[in-house]
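S.K.: Before we start, here is the structure in question, set down as C-alpha cells.
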Amino acid sequence: MTPAVWRRSPQAAAGVGAGVLVLGLGLLAGRADVALLGVAPLLGALWAGRPGAWRATTPRRGTALTIEPDGGPAAPGELRATLRIDPPDGAELVHARVFAPGHRTTGVVVAADARELPLTLSTVRTGPQRTFQVDARGHGAGGTAAEDPVGATAPDRLVLPTAMPLGRVPVPRRLRGLTGPHTSRRLGDGNELRDVHPFTPGDRLRRIDWRTTARRSPDLETLYVRRTYAAAEATAVLVVDSRDDVGPDLRTWRGTGPQRVDEPTSLDLARHAAASVAAALVTAGDRVGVDDLGRHRRPLPPAAGRRHLRRVLHALALSSPSGTPERRLRAPQVPADAIVYLFSTVLDDEPVELLRAWRAVGHPVVLVDTLPDVRGAREEHMRLAWRVTRAERDDRLRRAAAEGVPVVRWAGEARHDAPLRLEALVRAAERHHAGAGAR
C-alpha cells in the first residue's frame, strides 16, 4: 500500500493574512469591533502552526477508496456502483470528485467517517463501457493539513443490448431438423395433414386412420394411415458489420471527438436490432448464430434455447471495431438453408458484395440499415463530403432493393416501424409460397 503524503494546507497562511488584514483595517478605521473580527482567524492559525502541532495532528495514513459495481449483467439505462470511503483517524472531512466519460463532474464533501455512497450514471450505449473514476482528498483538523489526491477507477462494464418485441420475422423456406415450430415440405411427425395413404412398412401403428380404413376396406385387407408434414426449425445467422461505429455527429466520424452517451451509434443500433431478431427467433424455437465482419474469429454456431440467447447477447456486446479491418476475400460461411440478417451502415461496397455472394448460393438475406439519423454540419467541406457519401449510400441501397434484398431501416422513428416491416415480409413470403403450391 502506498504511504499517504500529507502536506501543509495553504489555508493556514490564508488565515494569518486575512486576520492581519482585518485587524489592520479595524485599527486604521478606529473600529474595535472590526479589529476583533481579525483576532479569531489570526489566533487559530498561529495555534495550529505552533511547533510540533502540525506533525501531531497529521494522520498517519491516507484515505482508502473502493468502487464496487452492482452485481449482475448491465443493460442500457442506468449503471450503478457503490463508493466506499475509509478516511484515517485525525481527518475532519473528505472532498471527493466523481466523473465518468461523457458526464459532468460531480463533487461532494462529507465528514471523515467510514461510509458508502451510491453512484449512478445514465447511458444508452452498449458494449464495453468505462464507468466511474473518483478522486478524493482528506483534510486534517482545522484545515491545516491536506493529503495528496488519491484515486480509484471502477472496472469496465460490459453492457448487454436489450431486445424489442418484434413478433414474426422472416425465416428460410427450406427448414431443417426433426422438430421445431414450422411445417416443412417432407413427410414426418407433425400436425399438418398431407394425405391418407395405404399402410407401408415403416409406418407407425398409431397413425392408422380407422374410419378411413373401415370406409375403404371393410374387410380390413388394407390399412390406411394419415401422413403429415414433418415439423422443423429454421436457422438464422446474424452478421454484424462492426467495421464502422459512427454517431449522428459528423465531426466524430474521424475518431477524434468523443461520442455522446445519450445518442446511440450505428453499432449500438446494430446490437439492438440483432438482439431483437435473435430474441424473436429463439422465442419461436429456431436456431440463431452470430458472426462479426470486423473481426476474424470463430463465429458463434447456431443453436436454440434461452441459454444460447444469453451467449448471443454476450457475443453482440463484444462486437466492436478492432483496428483497420482487412478486406474479406470471400463471404463468411453460413450453414446450408440458413437465412442471413446483415446489420450494416452500407457506407462502402463490401456489404452489397456479401449480399450478392450469399444470394448466389441460395441463402435468403435481409439487410438491416443501422446508420443513425445524421445531423447536418456547419463546415462547408463536411456538408459536401456528407452529400457525396449519402448519394453513394442511397445508390447501394437502391441496387440492393432492385436485386430483391429486403431493406429494414433501424434508426430514429423508422425503428418503431421495423416490426410491421418484418411482418409484411413474412406475409409476402407466405403468399408467394401459397401461390407456388397452387400452381
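S.K.: For the stretch 272-283, how many residues are within 24 Å of G247 (Cβ to Cβ) and either assigned to a loop (DSSP other than H, G, I, E, B) or open to solvent by 10 Å² or more (accessible area, probe 1.4 Å) (or both)?
M.R.: Qualifying residue count, the stretch 272-283: 1.
S.K.: Residue check, P372 against (1) modelled with pLDDT of 90 or more; (2) within 14 Å of V240 (Cα to Cα); (3) open to solvent by less than 30 Å² (accessible area, probe 1.4 Å); (4) under 16 Å from the mean Cα position of the chain (by Cα), all met but one. Which one?
M.R.: Evaluating P372 over (1) modelled with pLDDT of 90 or more; (2) within 14 Å of V240 (Cα to Cα); (3) open to solvent by less than 30 Å² (accessible area, probe 1.4 Å); (4) under 16 Å from the mean Cα position of the chain (by Cα) leaves (2) as the failure.
S.K.: Consider V22 carefully, then state whether it is β-branched (V, I, T) and at pLDDT below 75.
M.R.: Judged against the criteria, V22 is not a match.
S.K.: Tell me the residue from A112, A91, A53 that is in contact with a Phe, Trp or Tyr (Cβ under 8 Å, 6 or more places away or on another chain), surrounded by 14 or more Cβ atoms within 10 Å (Cβ to Cβ) and either modelled with pLDDT under 85 or farther than 30 Å from P264 by Cα (or both), please.
M.R.: Every option except A53 fails the conditions.
S.K.: Within the stretch 284-323, which residues are free of Cβ contacts under 8 Å to residues at least 60 places away in the same chain, part of a strand (DSSP E or B) and open to solvent by less than 40 Å² (accessible area, probe 1.4 Å)?
M.R.: Across the stretch 284-323, the qualifying residues are V288, G289, V290, D291, D292, A303.
S.K.: Now, a different point. Of everything in the stretch 360-378, what is under 14 Å from P332 (Cβ atoms) and touching a residue at least 24 places away in the same chain (Cβ under 8 Å)? Give them in sequence order.
M.R.: H363, V365
S.K.: Only one of T179, T120, T153, T144 is at pLDDT below 75 and open to solvent by 50 Å² or more (accessible area, probe 1.4 Å). Can you tell me which?
M.R.: Details: T120 fails: at pLDDT below 75; T153 fails: at pLDDT below 75; T144 fails: open to solvent by 50 Å² or more (accessible area, probe 1.4 Å).
Answer to the selection: T179.
S.K.: With respect to R251, determine if the residue is open to solvent by 30 Å² or more (accessible area, probe 1.4 Å), within 27 Å of E413 (Cβ to Cβ) and touching a residue at least 24 places away in the same chain (Cβ under 8 Å). Show your work before the answer.
M.R.: Details: open to solvent by 30 Å² or more (accessible area, probe 1.4 Å): yes; within 27 Å of E413 (Cβ to Cβ): yes; touching a residue at least 24 places away in the same chain (Cβ under 8 Å): yes.
Yes, satisfied.
S.K.: Would you mind telling me which numbered condition in (1) under 20 Å from G167 (Cα atoms); (2) in contact (Cβ under 8 Å) with a residue 40 or more places away in the chain L355 fails?
M.R.: Answer for L355: the failing condition is (1).
S.K.: Something else: Looking at the stretch 121-161, which of its residues are more than 14 Å from L79 (Cα to Cα) and not in a strand (DSSP E or B)?
M.R.: A141, G142, G143, T144, D148, P149
S.K.: Same structure again: Answer with yes or no whether V261 is open to solvent by less than 10 Å² (accessible area, probe 1.4 Å) and hydrophobic (A, V, I, L, M, F, W, C).
M.R.: On the way: open to solvent by less than 10 Å² (accessible area, probe 1.4 Å): no; hydrophobic (A, V, I, L, M, F, W, C): yes.
The answer is no for V261.
S.K.: Scan the stretch 344-369 residue by residue and report those that are open to solvent by 40 Å² or more (accessible area, probe 1.4 Å) and in contact with a Phe, Trp or Tyr (Cβ under 9 Å, 6 or more places away or on another chain).
M.R.: P364
S.K.: Pick out the one residue from V290, V312, V352, V346 that is modelled with pLDDT of 90 or more and on the phi > 0 side of the Ramachandran plot.
M.R.: Selected residue: V346, the only one of V290, V312, V352, V346 that is modelled with pLDDT of 90 or more and on the phi > 0 side of the Ramachandran plot.
S.K.: Further, regarding this structure: Whether any residue in the stretch 212-233 is out of contact with any Asp or Glu (no Cβ under 6 Å at 6 or more places or on another chain), within 30 Å of L267 (Cβ to Cβ) and at pLDDT 80 or above is what I want to check.
M.R.: No.
S.K.: Quick one: which strands (runs of 3 or more DSSP E) sit completely within the stretch 61-101 and have at least 2 residues that are under 18 Å from the mean Cα position of the chain (by Cα)?
M.R.: Result: 77-86.
S.K.: Sticking with this one: Looking only at the stretch 61-70, how many residues end up being more than 26 Å from L267 (Cβ to Cβ), modelled with pLDDT under 85 and open to solvent by 50 Å² or more (accessible area, probe 1.4 Å)?
M.R.: Residues that pass the stated criteria total 1.
S.K.: Please specify each residue of the stretch 408-423 satisfying the condition of being touching a Pro at 6+ places or on another chain (Cβ under 9 Å) and small (G, A, S).
M.R.: Once the filter is applied, which keeps residues that are touching a Pro at 6+ places or on another chain (Cβ under 9 Å) and small (G, A, S), the stretch 408-423 yields A411, G412.
The values are calculated or read from the model by the stated rules, or taken from the named source; none is laboratory data. A quick note: this is a predicted structure, and the numbers were derived from the prediction, not measured. Cβ atoms come from the backbone with ideal geometry, glycine included; neighbour counts cover every protein chain shown. The area values use the complete protein model at the heavy-atom level, side chains included, leaving out ligands, DNA and RNA. Shrake-Rupley method; radii C 1.70, N 1.55, O 1.52, S 1.80 Å.
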